[in-house]
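> Next up is a structure, given as structure tokens.
The values are calculated or read from the model by the stated rules, or taken from the named source; none is laboratory data. What you are looking at is a predicted structure, and each value in this text was computed from that prediction instead of being measured. As a convention, Cβ positions derive from the backbone with ideal geometry for all residues, glycine included, and neighbour counts pool all protein chains shown. With ligands, DNA and RNA removed, areas are computed over all heavy atoms of the protein, side chains included. Shrake-Rupley method; radii C 1.70, N 1.55, O 1.52, S 1.80 Å.
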Amino acid sequence: MIKLQHFFLILFATALFACTNNEDLPVPKESQSTGLAAPLMLQPDSTMIQLQDYFLDPKKIDSVRIDPSLNFAISPDSAKMVITVGQKSTPKMSVMNVWIKGYSYTILLEKSRKIWQRISFDPKEKNYKKVQVAGEMNNWNPANTYMRHKDNVWQTDLLLNPGKYQYQLVIDGKWTLDPANPDKVDNNIGGFNSLLRAGSISPSGLPWLFTDKVGESKVTIGVKNRVKDVFVLWQNYRLDNKFIKVDSSGITITIPRKTKQYESSFIRVWAVNNIGTSNEILIPLHKGDVILNPEELTRNDKEAMIIYFLMVDRFYNGDHKNDVPVIDKEVDPKVNFQGGDLSGIEQKIKHGYFSNLGINTIWISPITQNPPDAWNEYPAPHRKFSGYHGYWPITLTTVDNHFGSGEEFRNMVSEAHDKNINILLDYVSNHVHKESWLYKTHPDWATQFILKDKRKNLRLWDEQRLTTWFDEFLPTIDLTKPEIYQMISDSALFWIKQYHIDGFRHDATKHIPEIYWRTLTRKINEQVVFPENKPVFQIGETYGSRELISSYINPGELDAQFDFDLYFNARSIFAKDNGSFKELFPILQETFNYYGEHNLMGNITGNQDQSRFISFASGALTFAESDREAGWKRDIEVKDTIGYQMLAMLIAFNMTIPGIPVIYYGDEYGMPGANDPDNRRMMKFDSLNLHELKTKNMVQQLIHLRKDHLPLIYGDFKLLEVSDKAVVYMRSYFDQVVFVIMNKDKDARKIDFVVPEKFRNAKLNNHFGNNFTVKKNNINLSLKGNTFEILTN
């Protein structure tokens, strides 16, 4: 039986709930919210909140109420708010009510999970001038963490969220493992890092919620473990206790009648107890009714997106008239224009390549004009490259003539929309090429290239994160200046308004000041999203800590970023024989802790900056070698066909976990390749070998499984069994369930697992040919090495 303790339910002002019946919900005709507000994680001492991220016009805020254990102050212009932790014990989760014109909006506040961790270094009577720490906790920047010398020992105290952190000590400039820490991990580049384990990412006894039943205008949420407080939101409005009933059967929610006036909306649920906060429940509504059929979803439903990323020049040549490679004998064909264009993409859309595969969103590489000649890159051996990739803009609003024209781009977008496919444009805001009109006209708009210590501010990714140049011919633009960030954001907005694209992939997100992201997103909201009722999806690229990555994700900046931390761990575990599922799923839990169980993070198979997964999985590349140079020195092909099975398993993982699956072009059949530029080969549509055909068919089946099963889009996630070589997890959405079973052992393995009580009478179907038996409450099946099975009802 579910044990329920007392519930803490905030009651709103009585006047607002003077209703004619129990199902009315007071909401304004026009919401002042910028989008769904996820729970805001407080810092241990004080937290700055940008109210402009959550409200269209913060100046309209009448009042704010928060828990008595917290104090707050609002800036005179109401744009910012600082919350400080008081002397009283702060609840695990509490409510911030923001009142605008008599209506209350809710932002949930979650108590900080951070704990203190000490790192010490005994110099053994040796003298050192400075000792620093560089690792995942500080974005690998030793300048962020100096150790202090006291009583002959160097030490530092770090305030960290629970999780695992790779790090090294930097002793007088020399990077080394922590000699006092025997725990180390392969860094996948030929060495090791020390590993710090901080606290528990998923302590036992946390509440676990699951979607249980749908009734007429009601839903019931099942509960495991004790619950103290419950928080139910429709959009950004908290439902009070007349909409909620809590008893031994769970949490029953009456759906407000007001929801029927909205084409699309969400109910969200959380619970807490003395141990911590539960998982999140997300229930999509269509005109007030719970969505139970995937056919009700459209390309506007962001959670249902399946993204395909392609390099325009390397996809398909649809118009040979624009084939104009750079004429320079120093330019290798690998880094020259190869003929792909917008016309080619349009043809493949029209002929059904993406629809047959199951793709509903295409992300294309940048298409703004790049220089017509080649340039030597800064790192040795200073090879010469053309701008075939699109990341060296000399204009901001015109289409590169190698790819076609503005009219051809408009036709491509229109054809995609006719096929119910979104188009995301890769957009470069951080820098321009030296030959751009912007830099030639305003060289003072660039950040400082020569630092005070006379070093070049070049590829200092973390030390000079917001100012560093990517190359000597790629000046970074100073986007802290209003005249610059206003102009660049207007240029980005131009592509949405002129060509009706559906969003952006933003290059180099962490290198750009947040004022730019806030300015751009506000313009998109004010000029497109709200007046046209048109969703716009923005996803960023940031290599760094989860704390840094998550800082850009909120209604006033970006919808999501790519989950590189999860990808790098998944790549290592799926591609290596000794990789363990026991290491992967705590990493996935960290993703949930930072971004939520229903996040929109991009789960990639690879990208233009990484060696192809199958090259590692098949043994054609090793993690210890320089994968960039390997592509120049030898032909990288699929060495062992077992790599195809490992690739399929990685894609199965991406298609069945929360987040947005992203397929890098060619990964659907197993294109090999080392790092840039070898990972950007010309796409192959014909003459696939048997292994490639089998892989492509399996990937197509996986994509359609994702599209056709709501548990894989909105479902709850539950890990059922995990060992080094095998894992079983479940996604469930009311009466629908999906079981995912994987065996990464090279040998066949018998797997059995207990079916949760709710689904013990479910009639299950297999999708990948592995027979199974049901005995009492257990499912038993045998999986060949490096294979998986997916069971659905």
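> Enumerate the strands (runs of 3 or more DSSP E) found wholly within the stretch 162-275, keeping only those where 1 or more residues are acidic (Asp, Glu), modelled with pLDDT under 95 and surrounded by 15 or more Cβ atoms within 10 Å (Cβ to Cβ).
Passing ranges, in order: 184-186.
> Can you find even one residue in the stretch 380-394 that is in contact with a Leu (Cβ under 7 Å, 6 or more places away or on another chain) and farther than 17 Å from PHE409 by Cα?
Yes, the stretch 380-394 contains at least one residue that is in contact with a Leu (Cβ under 7 Å, 6 or more places away or on another chain) and farther than 17 Å from PHE409 by Cα.
> When the residues of the stretch 97-139 are narrowed to those that are hydroxyl-bearing (Ser, Thr, Tyr) and assigned to a loop (DSSP other than H, G, I, E, B), which ends up surrounded by the most Cβ atoms within 10 Å (Cβ to Cβ)?
SER112
> Related question: Among the residues of the stretch 353-376 satisfying the criterion of being out of contact with any Phe, Trp or Tyr (no Cβ under 9 Å at 6 or more places or on another chain) and touching a residue at least 40 places away in the same chain (Cβ under 8 Å), which is least open to solvent (accessible area, probe 1.4 Å)?
Only one residue fits best here, namely GLY358.
> Right, here's the next one. Which of the residues spanning the stretch 562-615 are among the basic types (Lys, Arg) and open to solvent by 10 Å² or more (accessible area, probe 1.4 Å)? Spell out how you get there, then give the answer.
Narrowing the stretch 562-615 to residues among the basic types (Lys, Arg): 571, 576, 582, 612.
Of everything in the stretch 562-615, those that are among the basic types (Lys, Arg) and open to solvent by 10 Å² or more (accessible area, probe 1.4 Å) turn out to be ARG571, LYS576, LYS582.
> Quick check on my filter: what residues within the stretch 523-547 are open to solvent by 40 Å² or more (accessible area, probe 1.4 Å) and within 13 Å of the chain's Cα centre (by Cα)?
Within the stretch 523-547, the first condition is being open to solvent by 40 Å² or more (accessible area, probe 1.4 Å), and the residues that meet it are 526-527, 530-533, 535, 543, 547.
Those that are open to solvent by 40 Å² or more (accessible area, probe 1.4 Å) and within 13 Å of the chain's Cα centre (by Cα): TYR543, GLU547.
> Can you tell me which of (1) within 30 Å of ILE367 (Cα to Cα); (2) in contact (Cβ under 8 Å) with a residue 40 or more places away in the chain; (3) open to solvent by 20 Å² or more (accessible area, probe 1.4 Å) is the one ASN317 doesn't meet?
Single failed check for ASN317: (2).
> Restricting to strands (runs of 3 or more DSSP E) lying wholly in the stretch 34-96: which have 1 or more residues that are touching a strand residue (DSSP E or B) at 6+ places or on another chain (Cβ under 6 Å), of a type in the set (Val, Ile, Thr) and open to solvent by less than 30 Å² (accessible area, probe 1.4 Å)?
Those strands (runs of 3 or more DSSP E) span 46-50, 61-65, 80-85.
> Could you check the stretch 362-376 and list, in sequence order, the residues that are part of a loop (DSSP other than H, G, I, E, B) and either in contact with a helix residue (DSSP H, G or I) (Cβ under 9 Å, 6 or more places away or on another chain) or modelled with pLDDT under 95 (or both)?
If the condition is that a residue be part of a loop (DSSP other than H, G, I, E, B) and either in contact with a helix residue (DSSP H, G or I) (Cβ under 9 Å, 6 or more places away or on another chain) or modelled with pLDDT under 95 (or both), then SER365, PRO366, ILE367, ALA374 are the ones that fit.
> Yes or no: ASP67 modelled with pLDDT of 95 or more and of a type outside the set (Gly, Ala, Ser)? I'd like the intermediate steps shown before the answer.
Details: modelled with pLDDT of 95 or more: yes; of a type outside the set (Gly, Ala, Ser): yes.
Considered against the rule, which asks whether it is modelled with pLDDT of 95 or more and of a type outside the set (Gly, Ala, Ser), ASP67 comes out as yes.
> Here is a further query. With the requirement that a residue be aliphatic (A, V, I, L, M), open to solvent by less than 30 Å² (accessible area, probe 1.4 Å) and part of a helix (DSSP H, G or I), what does the stretch 622-662 give you?
Result: ALA630, MET646, LEU647, ALA648, MET649, LEU650, ILE651, ALA652, MET655.
> While we're on this one: Taking MET698 as the residue in question, decide whether it is surrounded by 15 or more Cβ atoms within 10 Å (Cβ to Cβ) and either modelled with pLDDT under 95 or farther than 21 Å from PHE653 by Cα (or both).
Values: surrounded by 15 or more Cβ atoms within 10 Å (Cβ to Cβ): yes; either modelled with pLDDT under 95 or farther than 21 Å from PHE653 by Cα (or both): no.
Here the answer is no, as MET698 does not meet what is asked.
> Next question, about the same structure. The conditions are (1) closer than 22 Å to THR542 by Cα; (2) of a type in the set (A, V, I, L, M, F, W, C); (3) part of a loop (DSSP other than H, G, I, E, B), and ILE359 fails exactly one of them. Which is it?
Condition (1) is where ILE359 drops out.
> It is to be established whether one or more residues within the stretch 377-398 are over 29 Å from ASN603 (Cα atoms), small (Gly, Ala, Ser), over 26 Å from the mean Cα position of the chain (by Cα) and buried (at least 20 other Cβ atoms within 10 Å of the Cβ).
The answer is yes; a qualifying residue exists.
> Which residue pairs have Cβ atoms closer than 8 Å, lie 6 or more positions apart in sequence or on different chains, and pair a first residue in the stretch 466-481 that is more than 12 Å from HIS511 (Cβ to Cβ) with a second residue that is among the hydroxyl-bearing types (Ser, Thr, Tyr)?
The qualifying pairs are ASP471/TYR378; GLU472/TYR378; PRO475/TYR439; PRO475/THR447.
> If I ask for residues that are assigned to a loop (DSSP other than H, G, I, E, B) and touching a Lys or Arg at 6+ places or on another chain (Cβ under 9 Å), which ones from the stretch 346-356 would you list?
Correct list: GLY352 only.
> I would also like to ask the following. Need a quick list: strands (runs of 3 or more DSSP E) entirely within the stretch 704-781 having at least 1 residues that are among the β-branched types (Val, Ile, Thr) and crowded, with 16+ Cβ neighbours inside 10 Å.
716-722, 726-733, 736-743, 749-754
> For the stretch 416-435, which positions are touching a residue at least 12 places away in the same chain (Cβ under 8 Å), part of a helix (DSSP H, G or I) and either open to solvent by 10 Å² or more (accessible area, probe 1.4 Å) or of a type in the set (Ser, Thr, Tyr) (or both)?
Across the stretch 416-435, the qualifying residue is only HIS417.
> Let me ask something additional. Within the stretch 461-497, can you find the residues that are open to solvent by less than 20 Å² (accessible area, probe 1.4 Å) and part of a loop (DSSP other than H, G, I, E, B)?
THR468, PHE473, PRO475, LEU479
> For the stretch 436-450, what are the residues that are in contact with a Ser or Thr (Cβ under 9 Å, 6 or more places away or on another chain) and either assigned to a loop (DSSP other than H, G, I, E, B) or open to solvent by 80 Å² or more (accessible area, probe 1.4 Å) (or both)?
Taking the stretch 436-450 and keeping what is in contact with a Ser or Thr (Cβ under 9 Å, 6 or more places away or on another chain), we get 436-438, 446-449.
Listed by number, the residues that qualify are SER436, TRP437, THR447, GLN448, PHE449.
> Mind checking which helices (runs of 4 or more DSSP H) fall wholly inside the stretch 498-605 and carry at least 3 residues that are touching a strand residue (DSSP E or B) at 6+ places or on another chain (Cβ under 6 Å) and in contact (Cβ under 8 Å) with a residue 40 or more places away in the chain?
Answer list for the stretch 498-605: 581-595.
> Given the conditions (1) in contact with a strand residue (DSSP E or B) (Cβ under 7 Å, 6 or more places away or on another chain); (2) open to solvent by 20 Å² or more (accessible area, probe 1.4 Å), and given that GLN338 satisfies all but one, which numbered condition is not satisfied?
Going through the list (1) in contact with a strand residue (DSSP E or B) (Cβ under 7 Å, 6 or more places away or on another chain); (2) open to solvent by 20 Å² or more (accessible area, probe 1.4 Å), GLN338 breaks only (1).
> I'd like to check something: does the stretch 770-791 contain any residue that is of a type in the set (S, T, N, Q), touching a strand residue (DSSP E or B) at 6+ places or on another chain (Cβ under 9 Å) and in contact (Cβ under 8 Å) with a residue 40 or more places away in the chain?
yes
> Still on this structure: Any residue in the stretch 180-199 that is over 15 Å from VAL133 (Cβ atoms) sitting within a Cβ distance under 6 Å of a residue that is part of a strand (DSSP E or B) and among the β-branched types (Val, Ile, Thr)? List the pairs, counting only those 6 or more apart or interchain.
GLY199/ILE115
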